[in-house]
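First the structure, then my questions, so here it is.
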């Protein structure tokens, strides 16, 4: 019986110490993570070389690219913006001369789910952005990436804001 009491006291002390150290009422302290995966880092280098006329932005929040529509028939809600604001686009290709967004570039890997990708692409397409998907089989070599983004090299047709919506010129 004394052993059981001692064990309960030790467990109680351990619980108190753990609570004091890690606190259940405070949010956990964030820790750093890699900014890009190895594949994304290699793709960034290849994209910058394949598209010298573009400024390539990595890991862009959709909240920087999209805004929730307004309507005189209803009040804006946080959930309208929350539908996209925390989502991340792998790369954004921006024309160096005009500043226009030429395309959103997604590097597909194991984390990409086709149905979700189609929904994201539909959302950004509705806003007027073209999405280029670089498939899993494309290696992060300049020539392979150049082939995957060939439409950006041949086209000087940036997306521009017209009437609050991006459109091809």
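Residue-by-condition table, conditions (1) more than 16 Å from residue 125 (Cα to Cα); (2) touching a strand residue (DSSP E or B) at 6+ places or on another chain (Cβ under 8 Å); (3) surrounded by 17 or more Cβ atoms within 10 Å (Cβ to Cβ):
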residue: 45; (1), (2), (3): yes, no, no
residue: 52; (1), (2), (3): yes, no, no
residue: 55; (1), (2), (3): yes, yes, no
residue: 65; (1), (2), (3): no, yes, yes
residue: 68; (1), (2), (3): no, no, no
residue: 78; (1), (2), (3): yes, no, no
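Condition first: buried (at least 16 other Cβ atoms within 10 Å of the Cβ), free of Cβ contacts under 8 Å to residues at least 24 places away in the same chain and in contact with a helix residue (DSSP H, G or I) (Cβ under 6 Å, 6 or more places away or on another chain). Can you find one or more residues in the stretch 107-119 that meet it?
no
Looking at the structure I just gave you, is residue 74 assigned to a loop (DSSP other than H, G, I, E, B) and either within 27 Å of residue 98 (Cα to Cα) or more than 20 Å from the chain's Cα centre (by Cα) (or both)?
yes
All of the numbers you see were taken from the coordinates with simple rules; none came from a lab. Just so you know, these numbers come straight off a predicted model, no measurement behind them. Every residue, glycine as well, gets a Cβ built from its backbone with ideal geometry; the counts of neighbours run over all protein chains shown.
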